[in-house]
1. Taking 37 °C and 0.692 mPa s as the conditions, I'd like the Stokes-Einstein D for region 34-135 in µm²/s, using the Kirkwood hydrodynamic radius from alpha carbon pairs.
2. Would you mind calculating the gained length between Ser300 and Ser467 on full extension (0.36 nm times residue separation, minus the Cα-Cα distance), in nm to one decimal?
3. Tell me the accessible surface of Glu270 in square angstrom (1.4 angstrom probe, heavy atoms of protein chains only), to the nearest ten.
4. Of Met357, Ala261, Gly413, whose Cα points farthest to the positive end of the dipole of the chain (charges on the beta-carbon: +1 Lys, Arg; -1 Asp, Glu; origin at the Cα centre)?
5. With +1 assigned to the C-beta of every Lys and Arg and -1 to the C-beta of every Asp and Glu, and no other charges, what is the dipole magnitude of region 235-361 about the Cα centre in debye, to the nearest 20?
6. Once you have the alpha carbon radius of gyration of the chain, what is it after dividing by 2.2 N^0.38 Å, with N set to its residue count?
7. So, with +1 on the Cβ of K and R and -1 on the Cβ of D and E, and no other charges, what is the size of the charge dipole of the chain about its Cα centre, to the nearest 20 debye?
8. For Thr438, tell me the accessible area in Å² from a 1.4 Å probe, rounded to the nearest 10.
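The values are calculated or read from the model by the stated rules, or taken from the named source; none is laboratory data. The model shown is predicted, which means the values in this text are computed figures rather than measured ones. Backbone-built Cβ (ideal geometry, glycine too); neighbour counts: all protein chains shown. The area values use the complete protein model at the heavy-atom level, side chains included, leaving out ligands, DNA and RNA. Shrake-Rupley method; radii C 1.70, N 1.55, O 1.52, S 1.80 Å.
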Amino acid sequence: MSNYSKQTNWGQFVPLVTVFFFWGFVAASNDILIPVFKKAFNLSQTESMLVQICFYVAYTVGSLIYMIVSKGLKQDLINKIGYKNGLILGLLISAAGTLLFYPAANMASFPLMISGLFIVGLGFSLQQIVANPLAIEVGPSETGSQRLTMAGGINNLGTTIGPLIVSFAIFGSASAANTEASIESVKIPYLILGAAFALVALMLKFSSLPAVTLTNVKNTDDTTPGEHRTSALQFPQLILGMIAIFVYVGVEVSTASNLPAYMEKELGFETKEVAPYISLYWASLMIGRWTGAVEAFDLSAGFKKILRFLAPYLAFGVFLFVNAIAKHDLSPFYVYALIIIVMIICDIMSKGNPARMLLIFSSAGIAALLIGMFTTGMVSVYAITSVGLFCSTLWPCIFALAINGLGKHTNQGSGLLIMMIMGGGIVSLIQGYVADLTDIHSSYIVGVICFAYLAFYAVRVSGILKSQGIDLDKISKGSGH
């Protein structure tokens, strides 16, 4: 893709990141729906993971539909209808999915509930295919993935708030005596969410986002990286990157999805009491991504260094603020400020190199899960929650490394990467199955294996890109930091 501005076009970027917020809101809210549905419909841990299966596999189905339609048109669908119309269509599909929550709640139908989530996910798949490359496109290439990281930070603002709002809708305030899950109470927040989807689609219609993609009119030649290849699947960095996205989203989602069951069964928490910890997990991704977004701003080097330390604690402050509004006890969370220091050290050690960052943060993720598995009580909870910190920068690192050098095949590569978001559902299902066979504490070995592959990919992709003449230091600024 060809970046067309020397400065970030904030007028286009701001409405764009609204959809990132929605993705986070719904994804994290699923972690509250899982224990609610499990109790209300008398499901096993494996069966409860069907929530994640339906939501995340929808990304794969949506990507396949996108590719089939593009093949039928003999032209990339997004290149034909444009960025703006692609986002609008995706939002309207997701809005249609939320409408199913009304009859599903009235009928107390689990299949209808997860069907609604599936349709919401279908819309999100189209939005993701458009929005991720577009976040890089609306400004200079040097800060492209910093914008992607910033958008991820907005995504995690949604993941921080989502569990709290959905928990409040189901159980009432934190001080309320209600501990029983009401299926009917789920429909209102999702109907409101559907209305928000439609409203943002209307706003985008009148926004300054480009009506067509610049790749539609881009002149290319054989000297452009990737032009001599006929498919994105001919690039090894993409093939291995697809697996990396699969296991990355898998460990990110499954870690949070199984946390409520662990805290309820092993530590005696009520379902409503788990919400702030789910919020903290997703806020941890926001903490890391806000740190990574610092480079997207035109600031002096000295001020950027200061912001690298201030940004994570500003994000942590947002978490404390929204939980204070929700009237949750904040005293268990202050110690987390010390754990954030570990993430900052990892960030400094990475020196902005995407492959090095992927290796360091994946290794830290392995350490966090092993500590969580071999300790008990709140120590294990904080260790498992800190996985969010170490997942925070992985998406832009993998994305930047996987599509680097694809040239005109970048859109196709993006679609293939989005398809692998299904890992969020499949890995969650695998961990749920392992939990049923053993226990939830031990099931986190699944996440350790996922991080181990990501560490391998970090090493392997470095060699692949160097063999193609791509200098990792030159793309380090596009890695998310």
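1. In µm²/s, the coefficient is 225.
2. Working: separation 167, 0.36 × 167 = 60.12 nm, distance 3.44 nm.
Roughly 56.7 nm would be gained on extension.
3. Near enough 80 Å² of accessible area.
4. Gly413
5. Details: 9 positive and 9 negative charges, 85 e Å.
The calculation lands at about 400 debye.
6. On the way: Rg = 21.0 Å, N = 481, 2.2 N^0.38 = 23.0 Å.
Dividing the Cα radius of gyration by 2.2 N^0.38 Å gives 0.91.
7. That gives a dipole near 1020 debye.
8. Accessible area, nearest 10 Å²: 80 Å².
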